[in-house]
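So the structure is just underneath, and the comments pick up after that.
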Amino acid sequence: MMKKALSLILAMVLCLGLLAGCGSSGEETGSVYWLNFKPESDEVLQEIAQMYTEETGVEVKVVTAASGTYNQTLLAEMDKTEAPTLFVIGNQNAVKDWKDYALNLKDTAIAKELNTDAYNLYDEDGNLVSIGYCYECYGIIVNPKLVEAAGFTMDDIKNFDGLKKVAESIHSRAAELGFDAFSASDMDDSSSWRFTGHMANLEYYYESKADGGWKSCPESIKGTYMENFKNLYDLCINNSTVEPSSLATGGHDAQNEFKTGKAAFYVNGSWEYSAVSETVPEATMIPYYCGVEGEEKAGLNCGTENCWAINSQASEADQKATMDFMVWCVTDPEASRKLVDTFGVMPYKQAATSSNGFLAAANNYSADGCYVMDWVTNYQPNVDEYRKALVAALNAYNADQSEANWESVKTAFVDGWAVQYQAANK
């Protein structure tokens, strides 16, 4: 009888032990896999991942896609057993492609930390598919001291005519002055997006504005403002530190040209502030002046393609770990400081305040009543293929600025939109 009772007790203890084991596995800590969209932020994000792991014990892996390859990398990684738990859905076209892989973030802990809804993306059912983790601005970075050294002031640059006058004067006297107007406008993968994505936005923005504002990706575009794009593009490549014919192969360091005082103008965005302000602390940013009527009231291009999405196909443990990590990123003082310093600004209530001078310039334009040029470029259909065709056409034009070659640029820009829209919406 005693043996029977002892056996029963041992069996109960074993059962309780198994139940306890089952309970603990149900609370198993997940992990985070962030597929990063921004190559220039990789070093900081690796530091952030290490910080979080050391603080919480949760594994955070950051993999950074090479410039211009995010879509292909995402497709490949999502097909793996250990797929990203945190990834980017940066525009409405991407929403169509990835909405079924995106957790609805409405009313979640990270959504409650936002200070604006301006950079969020929703699907047709109203699900919050992805949320902006930073927003940026882009335009033309300027060294005011070099402008003054050439005999002008920033007040001389209030429209395209003013910019053209200053740039052409500097270029014509480059040997005498010791610096040129624009830094290199390379067309390799590390640089071409500045023109096929960012500068192209001036055409889309003004065409969209004339159409009453695009609410979704149009099936085709008219190219109404292609001459304005040409105005600015020509000014950049023909008044530069390098010959236009050398742009196809790349290899020039446009950032370093600006940082070392070899160029007065540098086409780029707010993410460059930390790097260029080291040697040009007075650097500021001006809009894409291109000859549009009333552009004296233009501001900078402000928006984002950097929107977080949580993989809805990931385990609940990994989803929770990812959500906790995101909240920590935007609320922890040290972490958010590091992230803001690399991203420029983060639209979250507890995130560190930005010290980015280019974003301050964007705010100043807005305060002066200037219009913000929204990122209409986010509507580019089948974006990688569309931009590849633009690069090819621009390279031919850079080598020989003939009328026929410019017509090819217009074809890639305008007709290419309709072609890629059909490809993306089969």
Residue count, region 377-406 (criterion: polar (S, T, N, Q) and not in a helix (DSSP H, G or I)): 4
Name the single residue, out of those in region 107-125 being of a type in the set (Gly, Ala, Ser) and at pLDDT 95 or above, that is surrounded by the fewest Cβ atoms within 10 Å (Cβ to Cβ). ALA109
The lone condition GLU278 fails out of (1) among the acidic types (Asp, Glu); (2) in contact with a helix residue (DSSP H, G or I) (Cβ under 9 Å, 6 or more places away or on another chain); (3) closer than 25 Å to ALA412 by Cβ; (4) without any contact (Cβ under 8 Å) to a residue 40 or more places away in the chain is (3)
From the list ASP374, ASP384, ASP341, pick out the single residue that is of a type outside the set (Ser, Thr, Tyr), within 23 Å of GLY197 (Cα to Cα) and surrounded by fewer than 17 Cβ atoms within 10 Å (Cβ to Cβ). ASP384
Residue check: is SER336 of a type outside the set (A, V, I, L, M, F, W, C), over 29 Å from GLU243 (Cβ atoms) and not assigned by TED's automatic domain parsing to the domain that holds TYR225? yes
The condition from (1) assigned to a helix (DSSP H, G or I); (2) at pLDDT below 95; (3) hydrophobic (A, V, I, L, M, F, W, C) that VAL409 misses is numbered (2)
Using the structure shown, decide if ALA309 is outside the structural domain of TYR204 (by TED's automatic domain parsing), among the small types (Gly, Ala, Ser), modelled with pLDDT of 95 or more and in a loop (DSSP other than H, G, I, E, B). no
Counting only residues that are outside any helix (DSSP H, G or I), touching a residue at least 12 places away in the same chain (Cβ under 8 Å) and out of contact with any Asp or Glu (no Cβ under 9 Å at 6 or more places or on another chain), which one in region 71-103 is surrounded by the fewest Cβ atoms within 10 Å (Cβ to Cβ)? GLU82
Exactly one of ASP117, ASP155 is charged (D, E, K, R) and either within 15 Å of TYR289 (Cβ to Cβ) or not in a loop (DSSP other than H, G, I, E, B) (or both), and that residue is ASP155
Filtered residue count, region 264-285, keeping only those that are touching a Leu at 6+ places or on another chain (Cβ under 8 Å) and of a type in the set (Gly, Ala, Ser): 2
Which of the residues spanning region 328-358 are farther than 15 Å from ILE131 by Cβ, within 18 Å of the chain's Cα centre (by Cα) and of a type in the set (A, V, I, L, M, F, W, C)? VAL340, PHE358
Taking region 255-287 and keeping only residues that are closer than 12 Å to ILE140 by Cβ and not hydroxyl-bearing (Ser, Thr, Tyr), one is left with PHE258, ALA263, ALA264, PHE265, VAL267, ASN268, GLY269, GLU272, ALA283, MET285, ILE286, PRO287
Exception for GLU136 within (1) more than 26 Å from CYS217 (Cβ to Cβ); (2) acidic (Asp, Glu); (3) surrounded by 19 or more Cβ atoms within 10 Å (Cβ to Cβ) falls at (1)
Between a residue in region 55-70 that is outside the structural domain of TRP98 (by TED's automatic domain parsing) and part of a helix (DSSP H, G or I) and any residue that is of a type outside the set (Ser, Thr, Tyr) and surrounded by 16 or more Cβ atoms within 10 Å (Cβ to Cβ), which pairs come within a Cβ distance under 9 Å, given they are 6 or more apart or on different chains? none
Exclusive hit being in the same structural domain as GLU257 (by TED's automatic domain parsing) and surrounded by 15 or more Cβ atoms within 10 Å (Cβ to Cβ), set SER169, SER130: SER169
List the residue pairs whose Cβ atoms are under 6 Å apart, where the first residue sits in region 212-225 and is of a type in the set (Asp, Glu), the second is at pLDDT 90 or above, and the two are 6 or more positions apart or on different chains. GLU219/TYR421
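The values are calculated or read from the model by the stated rules, or taken from the named source; none is laboratory data. On a predicted model such as this, the values are computed, not experimentally measured, just so you know. As a convention, Cβ positions derive from the backbone with ideal geometry for all residues, glycine included, and neighbour counts pool all protein chains shown.
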